Amino acid sequence: MSSDRRPCVPQDSSLGHSRIPGFHKLGWKDRLDRVAAFAALDQAHRDQLAAPSNIDAPLADHMIENMISTIAIPVGIATNMKVDGRDVLVPMATEESSVVAAVGNSARQCYDNGGFTTSMSGTQMIAQIQLLDLADPARARLVILERRREIEALCNECDPTLLRLGGGFRDLEVRLIDAPSGTMVITHIVIDTKDAMGANAVNTMAERLAPKLAEWTGGRSLLRILSNLADRRVARARATWRCADIGGEAVRDAMVEAFEFADADPYRAATHNKGIMNGVSAVVLATGNDTRAVEAGAHAFAARDGRYRSLSRWEVTREGDLAGMLEMPMAVGLVGGATRIHPTARALLAILGVDSAERLARIIAAVGLAQNFGAMKALATDGIQKGHMALHAQNIAIAAGAAGVEVERVARLLIERKSINADAAAAVLAEIRGR
Ligand code: MEV
């Protein structure tokens, strides 16, 4: 881990840096202006973000079937993120309070120690073809492996554009799986989908290949679909928090113990990983990518040893600091799907300034790690509710009917009176309206 000690960014030169003092205290339009200046957004992108309600009905109607409306989710900006030496402002779409703030706070605590360092295993996706009713499954496996060149050509013919961009067929694997109905022969084609998430590309290839495999082996082909366990598309992030910056040895050690609990117990691991996905899914959604694909990949990867475990790892370094690392499949793209056609997703991608799906995936992994740090630190010290309460109280106030300035006033009184629930909110609202 880097031990660079970088100076804090002076207040008045914060433009261009992800550390923007007082960002959360600005009004939302001023925040948008700061972000637009940071990312040099063009006017069209800025205008799109300044009208935060919805996408046009005709576009929504094209995106899915039976469309009747759209639902807007708030987008916040995680500040203080430095990923591989570059400052980045990260848009996060989430309905959950405290998620965005937690990333910014966690990132602030490791910013001066170098921020996040990331890497990626590649941008390869796997598609599976299932063959059944084989008299000799072991022989069928070899027959398929012998046809590697033909399979490669057939896959690459499906997507000349991908081939031109340097992607295409990379590998072939054939597995035998015993099932009650007999031994299945499962063929994996491994395809580099580059800047596309790649579901359409690999599914097309699998569907084209399946009848050939059946013909060559004498089997019956059934399913032809990508695997969301994208373990050839793994993003990794690591960071080191200096012991002194996070409250000392007791906090550091408690966080390692919190990690050990998650790694040892699936009940805790599910919640620990859910916290990581709070950050990951928020950026995946903001950029128009497929949240379910990434979530499925994450949880399957967490169980890859046969036991469901923590996606992150935490340890004390030789210097006595806290090191965290996160490794998980990250099948996200910049082309195809909603990433290209959703105007808000495009504007948010412009804020990130990413030029490849790989950079996007690596930033998302860093956000997941930051989110995990924030949750573990809160849980290992004050508990999670303290930080949640201010925003939670506001949400309760809104649900009780508070509007405008009433929201803050009701929330403050609820917190002061240590009674944050719907009945108390209704009573406080009636009280301040009666005054
Ligand atoms: C809440 O959305 C996420 C946490 O439960 C994560 C965790 O427990 O690590 C706080």
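Read-outs: derived from the displayed coordinates by stated rules, not from any lab. Keep in mind that what you see is a predicted model, and the values were worked out from it rather than measured. Methodologically, a virtual Cβ is constructed for each residue, glycine included, from the backbone with ideal geometry; neighbour enumeration extends over all protein chains shown.
Pairs from the list 25/82; 29/194; 82/418; 25/274; 25/377 with a Cα-Cα gap above 32 Å: 29/194; 82/418. Normalised by the number of residues in segment 41-89, the average gap of Cα pairs under 8 Å and 6 or more apart makes the relative contact order 22 percent. Going from the fewest other Cβ atoms within 10 Å to the most, the residues 396, 73, 186, 68 appear in the order 68, 73, 186, 396. Contact order, relative form, for the chain: 18 percent (alpha carbon pairs under 8 Å, 6 or more residues apart, mean separation divided by residue count). Between helix 28-39 and the chain there is an angle of about 50 degrees, using the helix long axis and the longest principal axis of the Cα atoms. Going by alpha carbons, how many degrees (0 to 90, nearest 10) lie between the helix axis of 291-302 and the longest principal axis of the chain? That helix lies at roughly 80 degrees to the long axis.
Rounded to the nearest 20, the Cβ-based charge dipole of the chain about its Cα centre (Lys and Arg +1, Asp and Glu -1) stands at 380 debye. Between rounded, prolate and oblate, where does segment 337-435 land on the alpha carbon gyration tensor, with a ≥ b ≥ c its root eigenvalues, rounded for a/c under 1.5, else prolate if a/b exceeds b/c? Oblate is the answer for segment 337-435, as a/c is 1.5 or above yet b/c matches or exceeds a/b. You can think of it this way: the chain between residue 86 and residue 156 has 21.7 nm of extra reach, that is 0.36 nm per residue less the Cα-Cα gap. FRET efficiency for the residue 270 to residue 395 pair, using the beta carbon distance and R₀ = 25 Å, is estimated at 0.55. Using the Cβ-Cβ distance between residue 315 and residue 341 with R0 set to 60 Å, the FRET efficiency from 1/(1 + (r/R0)^6) comes to roughly 0.90. Net charge dipole, segment 124-227: roughly 60 debye, given to the nearest 20, about the Cα centre with Cβ charges of +1 for Lys and Arg and -1 for Asp and Glu.
Cβ-Cβ distance of residue 72 and residue 409, R₀ of 22 Å, FRET efficiency by 1/(1 + (r/R0)^6): the value works out to about 0.30.
Overall shape: prolate for segment 386-433, with the ratio a/c of the largest to smallest alpha carbon gyration tensor axis at 1.5 or above and a/b above b/c. For the chain, what class follows from the C-alpha gyration tensor (a ≥ b ≥ c being the square roots of its eigenvalues): rounded when a/c is under 1.5, otherwise prolate if a/b is larger than b/c, else oblate? Prolate is the answer for the chain, as a/c is 1.5 or above and a/b outweighs b/c.
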